[in-house]
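Have a look at the structure below before the remarks.
The values are calculated or read from the model by the stated rules, or taken from the named source; none is laboratory data. Quantities reported herein were computed from a predicted structural model and do not represent experimental measurements. FYI the Cβ positions are ideal-geometry reconstructions off the backbone, even for glycines, and counts take in every protein chain you see.
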Amino acid sequence: MDTYWLDGWTLIYMVGIIFAVGSLVISFKASIIVLFSISNVLSLLCVGFFIYSLVGIRRWEGLILGFVTISIFLGTWIGTIIGIIIRSLFIKK
């Protein structure tokens, strides 16, 4: 268990979880249009940084940046989808 925490994967997972929780909180506070706008902007930034990590850096640092951007991308959309599902099922307006 200790080597798992020291491998460096924990930071990548935690960044994804933080973005998932952040987008989940935003889904309860903002409208659907604002939520999708924020998710799309973050997704475009993630895709841009991922392409930059492949083309521009091309070393181990680029690999780490690519993993972090994939984690942010997945966390953003998982939080957005879960927030919309919870909002549509349990919060009726």
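Some observations on this one:
- When residues in the stretch 30-54 are screened for being within 18 Å of Ile86 (Cβ to Cβ) and in contact with a Leu (Cβ under 9 Å, 6 or more places away or on another chain), 0 of them pass.
- All positions within the stretch 68-78 that are surrounded by 19 or more Cβ atoms within 10 Å (Cβ to Cβ) and either more than 13 Å from Gly48 (Cα to Cα) or modelled with pLDDT under 90 (or both): Ser71, Gly75, Thr76
- Count of the stretch 26-52 residues, restricted to those that are surrounded by fewer than 12 Cβ atoms within 10 Å (Cβ to Cβ) and under 13 Å from the mean Cα position of the chain (by Cα), is 2.
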